[in-house]
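Working notes, beginning with the structure itself.
The values are calculated or read from the model by the stated rules, or taken from the named source; none is laboratory data. Worth saying up front: this structure is predicted, and the values here are computed from it rather than measured. Don't worry about glycine lacking a Cβ; one is built from the backbone with ideal geometry, like all the others, and counts go over all protein chains shown.
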Amino acid sequence: MKLILKTILSIFVFATMALLSSYLTFRFVGSGKTVQVPELRGKNLIEANRILSKEKLYLKIEAEQYSATIPEGHIISQNIPPGQQVKEGRTISVILSKGPKILSMPSFLGLDLDEARELARQKNLYIKKVIRTHSQAQEPNTVIAQRPSEYEKGSDSVTLVVSRGPYDTLYVCPDFTSMSLEQAKMLADRMGIEIELEGFGGTIVGQSPEPGSIVKTGDSITLRLQYTEEQQLRWL
């Protein structure tokens, strides 16, 4: 019987102490001064701790993340937004920056697009966008610019500007039938136009496309050849 009474008494004392502790904690927290949560984003730990100490608040590092914009050791975000009212003694949890994932950006300039993609794969970089533009100086499919630039910090992705090659040059197709074959070849070379020959002989008697048509660098023109009477006599 004494053992049962002793047990009941112990439980009663424990419950009383727990209620008293809860009451005192509630009175202590409830009677605390209300303060405004300060802005911690972008601050380093020393600055953040100093700011919180003035408001009798506490700092806790919840996690660390890579950031392309927030320097290493500075705060990316906080669990209670700045300006919110809280009681003194509250703990503010923050996420701390580990700095950029890629320490420096490699150079892609002058690489073929396939080579650039392979380099990006090796460096664990993501090619966010490929912008194509004409370039008089670079061959088609060659990287002519990048963003971020070489050795620039702060990104795990890159945008590449790739050459389409030079602009097409347009010409009015000349009348090759008024020229010798040698003259026609020299003019076509200057225009960057390919010549395809049909038939045999040294006289141009027809062409396709016709004179006056619009042609551009890289196009082909077919010239129809024929022996003249004078040329035929030479072979007799």
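I'm trying to understand the selection: among the residues of the range 34-55, which are loosely packed, with under 14 Cβ neighbours inside 10 Å and touching a strand residue (DSSP E or B) at 6+ places or on another chain (Cβ under 7 Å)?
T34, Q36
Is there a residue in the range 209-219 that is surrounded by 13 or more Cβ atoms within 10 Å (Cβ to Cβ) and more than 44 Å from the chain's Cα centre (by Cα)?
Yes, there is a match, as at least one residue in the range 209-219 is surrounded by 13 or more Cβ atoms within 10 Å (Cβ to Cβ) and more than 44 Å from the chain's Cα centre (by Cα).
Taking the residues in the range 186-206 that are assigned to a strand (DSSP E or B) and of a type in the set (V, I, T) as candidates, determine which candidate is nearest to T222 (Cα to Cα).
Residues of the range 186-206 assigned to a strand (DSSP E or B): 194-199, 203-206.
Adding the requirement that they be of a type in the set (V, I, T) leaves 195, 203-205.
Values: I195: 6, T203: 13, I204: 10, V205: 11 Å.
By that ranking, first place goes to I195.
Looking only at the range 76-103, which residues are more than 17 Å from Q36 (Cβ to Cβ), among the hydrophobic types (A, V, I, L, M, F, W, C) and surrounded by 14 or more Cβ atoms within 10 Å (Cβ to Cβ)?
Correct list: I76, I95, L96, I102.
Restricting to the range 145-189, what's the tally of residues that are within 24 Å of E115 (Cα to Cα) and among the β-branched types (V, I, T)?
4
Pairs only if they're at least six apart or on different chains, beta carbon under 8 angstrom, first in the range 45-61 and at positive phi, second outside any strand (DSSP E or B); list them, first residue then second.
Short answer, once both residue conditions are applied: K56/K33; K56/E88; K56/G89.
If we only count strands (runs of 3 or more DSSP E) wholly inside the range 113-172, which ones have 3 or more residues that are at pLDDT 90 or above and surrounded by 12 or more Cβ atoms within 10 Å (Cβ to Cβ)?
Details: elements: 126-133, 143-147, 157-163, 170-172.
Hits in the range 113-172: 126-133, 143-147, 157-163.
One residue is enough: does the range 167-187 have a residue meeting the conditions of a type outside the set (S, T, N, Q) and at positive phi? Show your work before the answer.
Residues of the range 167-187 of a type outside the set (S, T, N, Q): 167-168, 170-176, 179, 181-182, 184-187.
Narrowing further to those that are at positive phi: none.
Among the residues of the range 167-187, not one is of a type outside the set (S, T, N, Q) and at positive phi, which makes the answer no.
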